[in-house]
Amino acid sequence: MVDTIVFLVAAVICLTGALGVILARNPVHSALMLVMTLFGIAVQFVSQEAHFLAAVQVIVYAGAIVVLFLFVIMLLGVDTAQNLEIGALPAQKWAALCFGVGSLALTGYIILAVDNPVTGRPGMGGAIDETANVRLLARSLFSNYVYAFELTSLLLVIAVIGAVVLARKPVKQLPEEAGR
Amino acid sequence: MAGGMLTIARILRPQRPTRQKLIAYESGVDPVGGEWAQSQIRYYVFAVLFVLFDVEAVFIFPWATRLEVYGLFGLVEMAIFIFILVLGLFYAWRKGVLRWV
Amino acid sequence: MTGDPLFHDGVDLVDIGIMGLKVVVAFGFLLVATMFMVWFERKLISDMQNRIGPNVAGPWGLLQTFADGVKFFFKEDLRPENADPLVFRLAPYISAVTAFLSFAIVPVGGVFKDVPGTTGTVNIFGRETFLQVADPPIGILLLLAMSSIAVYGIMLAGWSSGSKYPLIGSVRASAQAISYEAALGMSVVAVVILAGTLSTHDIVAHQAGGINTWFLVTSGVIPFIVFLIAATAELNRPPFDLVEAEQELVGGFHTEYSSIRFALFFLAEFMNVITMSAIMVTLFFGGPAGPIFFGLTWFWPTIWFMSKVMVFLFIFVWFRATLPRLRYDQLMDLGWKVLIPLSLFWLMFISLKELRASNDWNWIATYAAAAGGLLLGGTLLITALRAGDRAYQKDSEDA
């Protein structure tokens, strides 16, 4: 009973947020709506007893990645509604439409094909122990997925290198800069 | 337990607007009349670095709670992980993007 | 078994009532403490600066904050023309709510004995419960989550004001906050390694054996120092209050805010100071654990907790009165080039120390291997960076 209510509330939050992301005119509003969606998902995780995932969801996605988005938005200063018609590639609209319809159809198929009810299932972690979440995660991290785990660090470093390269001034400009 | 957090928020929220209602007047006088401005690119680098260390912390926590279980293997794995990430930090450091001028 | 024993045998109305009571009491306590904190800070600073400070409202000016608060209600609420109305209204709430939510995980009382997981409960209406609003299994991660959300309060406040000073102030503030949040997280890991759990209640239970079991001692002092500095910076408290540097930025992100909305930011700031002090006490100073002398047994832990928190409140004010403000480049350097490498190093050191102790490895062999690893890593790092530099120089010469 309580689970269902929590699920419904969180689902509404998620969907409202998701719609808001694409419908909001202002990019900062879109980013905020994204945070709302992420929060809704975090609540879903909590209701599935996946506390650690919920915390990670908030810390990494809402806390770091959307902040990064916001920095970029403020960097570009895109607050005045730009005319999107000019920037878009001609094929982009149709491609987006195709992908949208395709993924919607896929989601629909999954929902129909899977016989069991998707909602109202008991949590996986809670059946064992409340702190088991973190432990189970650690176990798979250090056994099956240890290479993936190490590769993640490489991926992150590559991201940083990319950012540094983008942010640095071109070398040729340096003498002029020094003169000022 | 999970609801605890939400309960607090729910209990907390209604308390604020009652205070808000005490304010009867509101006006839109604008003393400054500013423009939207742009921020600098160096903030972006810090944000990316923050993502790096945030994800790192997220990976460290499960290991930290089960330190004994994974023993030497876990320690070496984590050392490699941290080493690679520190490489990123030192790279940014070396390239001078951490320097604030 | 973790978690609050209140919910172990099902949930009924009394449990929900106790839960509600805890929330209300904690909120009330935090509000009163915040008001007191504002007065305390003003009075203490004026003492340190040889002034009198607030002395009109109430005895020793105790009611000064209350008077200010009442005044805020009667002030006009201005909203700049260019402001984004929705976000402008939202931002103060984000600040205030996150400030309170972090406090929920702090155990404020309960008798802790040296057996983790079994103690720290009190009896309310015949139910065993923890004296903390919530004890989620992720415990201390909630603090990190909330402090990362708190960044939004500042960032959005500055952005939505539609004015230059707040925008610059808020971008600075959020860059500062995220820089130090990384260091904050790393220093918490040291405690988690020692405690082997994320739950704040269990963390306190591990420190119940007296001062030499406090994580301040067992983790070495470094994580605590890193945490203290990072927390001060995270809260934008002096000497890290560049965000509100009056000389250059007017009032920082809340320049355009007035009336009760400004009061919310103000409240959130001081609430955060109290919360951070409480978290520090929880993580490093054994929380409510302490000797029990006579009389009511449940009474003493709370007293211990409050007096420990008071010490930190004093330290925060002391910082403000003593230390000059940092420059922004110094601030960023301290965060990224000192605190983060230091806490990472210490993290590895502590885990090595713990593993050595639990597996009974040889002293010399362990540390020799560690030193060798460090040397190897350092050499690799320097070689890699050198090679990168050479390639870079070659490229720029060619160009």
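The values are calculated or read from the model by the stated rules, or taken from the named source; none is laboratory data. Predicted model, so just to flag it, every value in this text is computed and none were measured. Positions of Cβ are backbone-derived with ideal geometry, glycine not excepted, and every protein chain shown enters the neighbour counts.
Check the stretch C:331-349 and report whether any residue there is in contact with a helix residue (DSSP H, G or I) (Cβ under 7 Å, 6 or more places away or on another chain) and polar (S, T, N, Q).
Yes, because at least one residue in the stretch C:331-349 is in contact with a helix residue (DSSP H, G or I) (Cβ under 7 Å, 6 or more places away or on another chain) and polar (S, T, N, Q).
Condition first: at the interface with chain C (Cβ under 7 Å from one of its Cβ atoms), hydroxyl-bearing (Ser, Thr, Tyr) and within 21 Å of the chain's Cα centre (by Cα). Now tell me which residues in the stretch B:42-101 satisfy that.
B:Tyr43
Yes or no, residue by residue, for (1) surrounded by fewer than 18 Cβ atoms within 10 Å (Cβ to Cβ); (2) modelled with pLDDT of 80 or more:
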| position | (1), (2) |
| --- | --- |
| B:Gln40 | yes, no |
| B:Asp54 | no, yes |
| B:Leu72 | yes, no |
| B:Leu75 | no, yes |
| B:Leu98 | no, no |
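Taking the residues in the stretch C:341-393 that are part of a helix (DSSP H, G or I) and of a type in the set (Phe, Trp, Tyr) as candidates, determine which candidate is surrounded by the fewest Cβ atoms within 10 Å (Cβ to Cβ).
Among those that are part of a helix (DSSP H, G or I) and of a type in the set (Phe, Trp, Tyr), it is C:Trp363.
Please go through the stretch C:321-340 and give me each residue that is within 20 Å of the chain's Cα centre (by Cα) and over 30 Å from C:Gln49 (Cα atoms), ordered by number.
Matches in the stretch C:321-340: C:Trp336, C:Val338, C:Leu339, C:Ile340.
Being more than 7 Å from chain B (Cβ to nearest Cβ) and without any contact (Cβ under 8 Å) to a residue 24 or more places away in the chain is the filter here; which residues of the stretch A:46-61 pass it?
A:Ala54, A:Ala55, A:Gln57, A:Val58, A:Tyr61
Out of the stretch C:193-210, which residues are aliphatic (A, V, I, L, M) and either crowded, with 24+ Cβ neighbours inside 10 Å or under 20 Å from B:Phe61 (Cα atoms) (or both)? I'd like the intermediate steps shown before the answer.
Here is the first cut: in the stretch C:193-210, the ones aliphatic (A, V, I, L, M) are C:193-195, C:198, C:203-205, C:208.
Selection gives C:Ile193, C:Leu194, C:Ala195, C:Leu198, C:Ile203, C:Val204, C:Ala205.
Does C:Ser187 meet the test of being buried (at least 24 other Cβ atoms within 10 Å of the Cβ), touching a Phe, Trp or Tyr at 6+ places or on another chain (Cβ under 8 Å), part of a helix (DSSP H, G or I) and in contact (Cβ under 8 Å) with a residue 40 or more places away in the chain?
yes
Run down C:Phe270, C:Phe294 and say which single residue is among the aromatic types (Phe, Trp, Tyr) and at pLDDT 70 or above.
Residue meeting the stated conditions: C:Phe270.
Just the residues that are facing chain B (nearest Cβ under 7 Å) and either over 13 Å from B:Leu72 (Cα atoms) or in contact (Cβ under 8 Å) with a residue 40 or more places away in the chain (or both), please, taken from the stretch C:352-368.
C:Glu354
Please go through the stretch A:102-153 and pick out each residue that is modelled with pLDDT of 80 or more, among the β-branched types (Val, Ile, Thr) and outside the structural domain of A:Asp3 (by TED's automatic domain parsing).
A:Thr152, the sole residue that qualifies.
Got at least one residue in the stretch B:9-26 being at the interface with another protein chain (Cβ under 7 Å from one of its Cβ atoms), on the phi < 0 side of the Ramachandran plot, modelled with pLDDT of 75 or more and part of a helix (DSSP H, G or I)?
Within the stretch B:9-26 (the criterion being at the interface with another protein chain (Cβ under 7 Å from one of its Cβ atoms), on the phi < 0 side of the Ramachandran plot, modelled with pLDDT of 75 or more and part of a helix (DSSP H, G or I)), the answer is no, since none of the residues qualifies.
Please count how many residues of the stretch C:129-158 are out of contact with any Pro (no Cβ under 8 Å at 6 or more places or on another chain), at the interface with chain A (Cβ under 10 Å from one of its Cβ atoms) and at pLDDT below 80.
Summing the residues that are out of contact with any Pro (no Cβ under 8 Å at 6 or more places or on another chain), at the interface with chain A (Cβ under 10 Å from one of its Cβ atoms) and at pLDDT below 80 in the stretch C:129-158 gives 4.
Examine the stretch A:81-92 for a residue that is charged (D, E, K, R) and either at pLDDT 75 or above or assigned to a loop (DSSP other than H, G, I, E, B) (or both), and state whether such a residue exists.
We begin by selecting, within the stretch A:81-92, every residue charged (D, E, K, R); these are A:85.
Subset that is either at pLDDT 75 or above or assigned to a loop (DSSP other than H, G, I, E, B) (or both): none.
Looking through the stretch A:81-92, none of the residues is charged (D, E, K, R) and either at pLDDT 75 or above or assigned to a loop (DSSP other than H, G, I, E, B) (or both).
Can you report the number of residues in the stretch C:211-224 which are in a helix (DSSP H, G or I) and surrounded by 17 or more Cβ atoms within 10 Å (Cβ to Cβ)?
Residues that pass the stated criteria total 6.
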